1. Return a yes/no flag: does segment 238-252 have any residue that is small (Gly, Ala, Ser), under 28 Å from residue 122 (Cβ atoms) and at pLDDT 95 or above.
2. Just to verify a result, which residue in segment 296-306, among those that are farther than 12 Å from residue 225 by Cβ and not aliphatic (A, V, I, L, M), is nearest to the chain's Cα centre (by Cα)?
3. If residue 277 satisfies every condition in (1) touching a strand residue (DSSP E or B) at 6+ places or on another chain (Cβ under 6 Å); (2) buried (at least 18 other Cβ atoms within 10 Å of the Cβ); (3) modelled with pLDDT of 95 or more; (4) of a type in the set (Val, Ile, Thr) but one, which is the exception?
4. Looking only at segment 20-55, how many residues end up being aliphatic (A, V, I, L, M) and at pLDDT 95 or above?
5. Test residue 237 against the criterion of being closer than 30 Å to residue 294 by Cβ and β-branched (Val, Ile, Thr), and give yes or no.
6. Please state which of the following conditions residue 72 fails to meet, knowing it meets all the rest: (1) at pLDDT 95 or above; (2) more than 16 Å from the chain's Cα centre (by Cα); (3) of a type outside the set (Ser, Thr, Tyr).
7. Being modelled with pLDDT of 95 or more, of a type in the set (Gly, Ala, Ser) and either in a strand (DSSP E or B) or within 22 Å of residue 156 (Cβ to Cβ) (or both), is that true of even one residue in segment 229-237?
Amino acid sequence: MSSSSSTNQTQQQFHATTSAKEVVDAFKPNLEGKVILVTGGSSGLYAVVKKTSKTTFFFTFLTGIGVETARALALTNAHVIITARDLKKGEEVVNDIKKTTSNPNVECMEIHQDSLQSVRKFADQFLKRKLPLNILICNAGIMACPYEKTEDGYESQFAVDHLSHFLLTILLLPALQAGKPSRVVFVSSVGNRGGGINVDDINWEKEYDKWKAYGQSKTANILFAKQLSKLYADEGIKAYSLHPGGIMTGLQKHLPKEETAKWFDKDGKPIVLMKTVEQGASTTVYAALAPELEGKAGEYLEDCAISRGVTTEKGFWGMAPHSVDMKMAAWLWDLSSKMVEL
């Protein structure tokens, strides 16, 4: 069978409910000796919703997209490093991943994504280890939270979801160059359609809208992936962004139950497809491993495939026109460089 036929066959077996492990099983990569870094690799809550005739119950369990991404990638025999704010919690996840994958080469390093100083400290520690970095997965994030500024003075969603990963990626470029061909994967969202870059008020100091601010941060992920690929793909560093799908995780912790209850009908069934955490991690793993993406740097992915593209139609897919504006991508790069004081 030709390689192109094999690729097409692989793509056809992926769908919206493909799990991260199924992606790994399809490609069967052996990444022994390769290094993979996953931010936000210990956080997240998997919420099971059960509705009775009178009320809705939420049951939570420790896991998250980052956890399941790291778990699936550990099956490749790679050296997997996750990041966590709480090292004790991170070590619990590491031990669980080691147990379930039989990969002893999994570890946790501390980072606080809401602190640029912490990002710099982490990058310095990582670079001192002289490790090549083959895959960087920028997974950590927050969503629709009350208005707050970080210690650096920036709106928290933009700071955590975009600026921290912008700085981390730039600082780790030497490791990514040492590990090339390397990939950088940004977990964005269909939420990019909810709002573009607020150029006149990047910090939302005049009027804060939690969903538009989230849309700004997720748009920034897409634009950064595109600009990073534009500048570095020819040097062997390719970037991708993605929508993981609708998943109940710790991202929803700031939302009132009345708001999340609207996502379900009167019988407790979700009004759109809600993925499990394992399914939600699949597109991230696809972005990290799929050989057919090699010549398609900068793409935005959904359901283990390249997105259908730009749309203004109603729906839970695609990119808004503002998310593919390369002039804005260049402007955002320059602004971000100034904000993180590069």
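The values are calculated or read from the model by the stated rules, or taken from the named source; none is laboratory data. A quick note: this is a predicted structure, and the numbers were derived from the prediction, not measured. FYI the Cβ positions are ideal-geometry reconstructions off the backbone, even for glycines, and counts take in every protein chain you see.
1. Within segment 238-252, one or more residues are small (Gly, Ala, Ser), under 28 Å from residue 122 (Cβ atoms) and at pLDDT 95 or above.
2. Only one residue tops the list, namely 302.
3. In the conditions (1) touching a strand residue (DSSP E or B) at 6+ places or on another chain (Cβ under 6 Å); (2) buried (at least 18 other Cβ atoms within 10 Å of the Cβ); (3) modelled with pLDDT of 95 or more; (4) of a type in the set (Val, Ile, Thr), residue 277 misses (3) alone.
4. Total meeting the criteria: 9.
5. Against the criterion (closer than 30 Å to residue 294 by Cβ and β-branched (Val, Ile, Thr)), residue 237 qualifies.
6. The failed condition is (2).
7. Among the residues of segment 229-237, not one is modelled with pLDDT of 95 or more, of a type in the set (Gly, Ala, Ser) and either in a strand (DSSP E or B) or within 22 Å of residue 156 (Cβ to Cβ) (or both), which makes the answer no.
Let's see how each residue does on (1) at pLDDT 95 or above; (2) under 20 Å from residue 138 (Cβ atoms); (3) among the basic types (Lys, Arg); (4) in a loop (DSSP other than H, G, I, E, B):
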position: 272; (1), (2), (3), (4): no, no, no, yes
position: 288; (1), (2), (3), (4): yes, yes, no, no
position: 292; (1), (2), (3), (4): yes, no, no, no
position: 295; (1), (2), (3), (4): no, no, no, yes
position: 298; (1), (2), (3), (4): yes, yes, no, yes
position: 301; (1), (2), (3), (4): yes, yes, no, no
position: 329; (1), (2), (3), (4): yes, yes, no, no
